[in-house]
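Asker: One structure, as C-alpha cells, below. Some questions next.
Laboratory data are not the source of any read-out in this text; all were calculated from the coordinates shown. Please read all numbers here as calculations on a predicted model, not as lab measurements. We place every Cβ from the backbone using ideal geometry, glycine too, and count neighbours over all the protein chains shown.
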Amino acid sequence: MRNETIAIHAGYEPEPTTHAVAVPIYQTAAYAFDSADHGAALFNLEAEGFRYSRIANPTSAVLEKRIAQLEGGVGALAVATGQAALHFAFVNVADHGGNIVSVPQLYGTTHTLLSHILPRQGITGRFAESDKPEAIEKLIDENTRAVFAETIGNPAGNVCDIEALARIAHAHGVPLIVDNTVATPILLKPFDYGADIAVHSLTKFLGGHGTTLGGAIVDSGNFPWDKHAERFPAYNKPDVSYHGLVYAERFGRTAYIERARSVYQRTMGSVLSPFNAFLLLQGIETVALRMERHVENARKVAEFLRGDPRVAWVNYTGFPDSPYYPLVQKYLNGNASSLFTFGIKGGMEAGKTFYDTLKLITRLVNIGDAKSLACHPASTTHRQMSAEQQRVAGVLPETIRLSIGIEHVSDIVEDIDQALEKACPSARLEAAE
Ligand SMILES: Cc1ncc(COP(=O)(O)O)c(C=O)c1O
C-alpha cells in the first residue's frame with residue numbers, strides 16, 4: 001500500500017463486535033482475564049492481548065501499527081509526547097557510562113535532554129561540530145551506544161545524510177536513531193537509507209492540527225542486537241526485572257520495541273491516552289495531502305521572502321544554492337521542508353517588530369499545524385543554550401522560524417508583507433532608490 005492508503009486504513013479492520021468503521025476509543029484502564037492461566041500467559045508475554053493500558057491499549061495499538069507501516073518498521077510504541085519517545089529511545093540503548101553521539105542541530109529540548117538531563121543518569125550526549133559524517137565519526141568510541149540526528153533539523157532546516165550516518169554508525173556496531181518529526185514518513189522514510197530507529201513527535205505534522213500531544217518510537221527491526229552482545233548486554237543477558245527474559249533471543253527483530261514497552265513504558269508510564277490516540281489517528285488520515293500543500297505553500301513564501309529587499313537572508317533548502325539542496329533531492333524527492341528560517345534587515349529589533357505585527361500567522365512555539373506559525377527561537381525554544389550553542393544549532397538573534405500552514409498562500413504572503421512593512425519600511429525605500 002502507498003502512503004495515502006496506509007494513513008487511512010493501516011492497523012484497523014471494523015472490529016467484530018460492533019463493526020464500527022471508525023477506530024473505537026477504548027477508554028479502559030484494564031482488561032478482563034479469562035482465567036488465572038490466561039492472565040499469567042499475558043504477563044509472560046506468551047499470549048497476545050491486553051492486560052493494563054499503561055502497557056498497551058487497543059486504540060493506541062492501531063496508531064502504533066499505522067505509524068510502523070508508514071515508516072516501514074516492524075513495530076512501534078506510542079507514548080504521551082515526543083520528548084517521552086526520545087527519552088525512552090535513548091535509555092533503551094544506553095545505560096550508565098554510555099554515550100550518544102549527536103549532530104548539533106537539534107530541537108532545543110532534545111538538546112537539553114542530551115546535554116543536561118541524561119548526564120545526571122550517567123549517559124552523556126556528545127555533540128559533533130557539524131552534521132557531517134566525519135564530525136560524527138570522530139566522537140564514537142567503545143562506550144557509544146547510538147548515533148542520533150534529526151532527519152531535518154528543527155529549526156536549522158539541515159537535511160542529514162542519513163545513508164552516510166548509518167554507514168558510520170554500523171561500522172562501529174551502533175544503531176542510528178533519527179527524529180523524523182519534521183520530515184514525516186510522507187516526505188522521507190529513514191529506514192530505506194539504513195536508519196535503525198525512528199522517533200516522532202506526533203504533536204506536529206502527523207497529528208497536524210495543533211490539538212494533541214503524542215510521541216512514537218518505530219523499530220526498523222534491522223539492528224542486530226545479538227551480534228553486539230558486549231555493547232548491548234541488556235538485549236543479550238537475562239533481564240532480572242522480567243523473570244530472566246533475554247530480549248534478543250525471545251523477540252528477534254522486534255527486541256528493541258518490545259523492550260521499550262516492557263521496561264520503560266511499563267515502569268515509567270508516559271502513556272498516550274486512548275482519546276489522544278484517536279485524535280492523532282484522525283490527523284494522520286490526511287497527512288499525505290497536507291504535506292503536499294505545506295511543501296507547495298512554503299516554496300511560494302520562501303520565494304516571496306527571497307525577492308524582498310526588506311529581508312536579509314532566507315534559509316530555505318529548496319533553493320539550488322542551499323548547501324542542503326542535493327540532500328533535499330536525494331532524500332526528500334525535492335520537497336523542501338515547510339519549516340524554515342529567515343532574518344529581517346534591522347536585526348533583533350526589526351525581527352521583534354515583525355513578529356509582533358503578524359496577524360494571521362500565530363506567534364507560538366509549535367510546528368506542523370495546519371495553521372501557519374512563527375517563532376523566535378532565541379527567546380523561546382533555544383533559550384537555555386549559550387550563544388555559541390545557538391549559533392551551531394542554526395539560531396541567530398534575528399532568526400524567525402516559520403512553519404508554513406495550508407491556508408491560501410496569498411493570505412500567508414499578505415500577512416508577512418504587512419508585518420515586514422511595519423518592521424522595515426526604510427529598506428524598501430532604499431532598495432527602490
Ligand atoms: C523535532 C522535534 N522532536 C521532538 C519534539 C518534542 O515533541 P513533543 O512536544 O511532542 O514532546 C519536538 C517539539 O517541538 C520537535 O520539534
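Asker: Which shape class, rounded, prolate or oblate, goes with region 171-279 when its Cα gyration tensor gives a ≥ b ≥ c as root eigenvalues, a/c under 1.5 marks rounded, and past that a/b bigger than b/c marks prolate?
Answerer: In terms of gyration-tensor shape, oblate.
Asker: In addition: Give me Glu303, Glu137 ranked fewest to most by other Cβ atoms within 10 Å of their Cβ, as a rough exposure proxy.
Answerer: Glu303, Glu137
Asker: May I ask you to derive the FRET efficiency for Met348 and Arg306 from their Cβ-Cβ distance with R0 = 25 Å, giving the value to the nearest 0.05?
Answerer: 0.75
Asker: Report the full-extension gain for the segment Gln121 to Asp356: residue separation times 0.36 nm, less the Cα-Cα distance, to one decimal in nm.
Answerer: Separation in residues times 0.36 nm, less the Cα-Cα distance, equals 80.6 nm.
Asker: Can you sort Met291, Met268 so the residue with the fewest Cβ neighbours within 10 Å comes first?
Answerer: Met268, Met291
Asker: I've got another one for you. With just the Cα atoms defining each centre, how far is region 81-102 from region 314-392? Give it in Å.
Answerer: Here the answer is 27 Å between Cα centres.
Asker: Kindly provide the helix-only [θ] at 222 nm of the chain, computed as the sum of -39,500 (n - 2.57) over DSSP H runs of four or more divided by all residues, to the nearest 500 deg cm²/dmol?
Answerer: Calculated mean residue ellipticity at 222 nm is -10000 deg cm²/dmol.
Asker: Let me ask another. Using alpha carbons only, how many angstrom separate the centre of region 198-270 from the centre of region 9-64?
Answerer: 19
Asker: Under a plain spin-label model, where a point goes 7 Å from the Cα along Cα-to-Cβ, how far apart in nm are His96 and Asn333?
Answerer: 4.8
Asker: Apply the Karplus curve 6.51 cos²θ - 1.76 cosθ + 1.60, θ = phi - 60°, to the phi angles in region 297-311 and return the couplings in whole Hz, x for Gly and Pro.
Answerer: Here the 3J(HN,Hα) series is 4, 4, 4, 5, 5, 4, 5, 4, 5, 5, x, 9, x, 7, 9 Hz.
Asker: I need Thr399, Thr5 ordered by Cβ neighbour count within 10 Å, fewest first.
Answerer: Thr5, Thr399
Asker: In whole Hz, with x marking every Gly and Pro, tabulate ³J(HN,Hα) for region 133-145 from phi via Karplus 6.51 cos²θ - 1.76 cosθ + 1.60, θ = phi - 60°.
Answerer: Listing the rounded values in order: x, 5, 5, 5, 4, 4, 8, 7, 9, 5, 9, 6, 10 Hz.
Asker: With angles folded into 0 to 90 degrees, how steeply does helix 274-285 sit against the dominant principal axis of the chain? Use alpha carbons for both and round to 10.
Answerer: Between the helix axis and the principal axis of the chain, the angle is about 50 degrees.
Asker: Right, here's the next one. Quick one: give the max-minus-min coordinate of the C-alpha atoms of the chain along each principal axis, largest first, in Å.
Answerer: Cα extents, longest axis first: 84, 54, 34 Å.
Asker: Give me the net charge of Gly72's neighbourhood, meaning all other residues with Cβ under 9 Å from the Cβ of Gly72; Lys, Arg count +1, Asp, Glu -1.
Answerer: Here the count lands on -1.
Asker: A further question on this structure: Taking 0.36 nm per intervening residue step and subtracting the Cα-Cα distance, what contour gain separates Ala20 from Glu129 on full extension?
Answerer: 34.0 nm
Asker: Follow-up. I'd like the Karplus ³J(HN,Hα) series for region 255-260: coefficients 6.51, -1.76, 1.60, θ = phi - 60°, whole numbers in Hz, and an x wherever there's a Gly or Pro.
Answerer: 4, 5, 6, 5, 5, 4
Asker: So which lysines pass the test for Lys204, namely a Cα distance under 24 Å, with those fewer than 8 places away in the same chain ruled out?
Answerer: Filter leaves Lys65, Lys189, Lys300, Lys330, Lys359, Lys371.
Asker: On alpha carbon coordinates alone, what is the Rg over Rh value for region 281-433, Rh being the Kirkwood radius?
Answerer: Radius of gyration over Kirkwood radius for region 281-433 works out to 0.96.
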